[in-house]
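To start, the structure itself, in structure tokens.
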Amino acid sequence: MFFGLVSIVVLYALLLVYITWPIQEFSIDKAGVFGDSFGILTSLFSGLAFAALIVTILLQKKELSYQREELKLQREEIARNRKELARTASAQEKSEEWFALQARMMTLSAVTSVIELRRNAGHGFDRKLMDQHYEELVALLEKTKGI
């Protein structure tokens, strides 16, 4: 289309030169008249440029709406990721608490076993210490019920 439009303008200029040939004098007045003969084309190109400007503005408006929608979707995804991260952190904390309780229960169980072994070996044992470890073990078992 562009090539066709340029061809029409060139042919029009050649037609004007042919009609006005031979040009006897080169003056500003004659050049002005020659330039004014392209007035319709100037108007056409000005109108096309204005139409192109309007189309460009409409395309930018459409692209801006797409960008806004994309930003909205990104914000929603970030909110979902934040919730998932909070849930994962909570699960991690519970898991760490569970492992800490398990380690403490194993320690208490080992201590209780050592006390039992000493008692069975005839060395005697500290009843108060045994009761204290037993109560702590029971408290830990109660605490693990909620996990």
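Estimated at 0.36 nm per residue, the fully extended path between Thr88 and Phe3 surpasses their Cα-Cα distance by 24.3 nm. Under 23 Å of direct C-alpha separation, and excluding same-chain neighbours fewer than eight residues apart, Lys143 reaches these lysines: Lys94, Lys128.
Note on Ser37 and Asn81: the model spin-label points, each 7 Å out from Cα along the C-beta direction, lie 6.7 nm apart. Distance between the modelled labels on Ser95 and Gln60, one decimal in nanometres: 5.1 nm (7 Å Cα→Cβ projection).
Taken together, the values in this text are just the output of simple stated rules run on the coordinates, not laboratory data. Remember, predicted model here, so these are calculated numbers, not experimental data. Please note: Cβ atoms are built from the backbone with ideal geometry, for glycine as well, and neighbour counts cover all protein chains shown.
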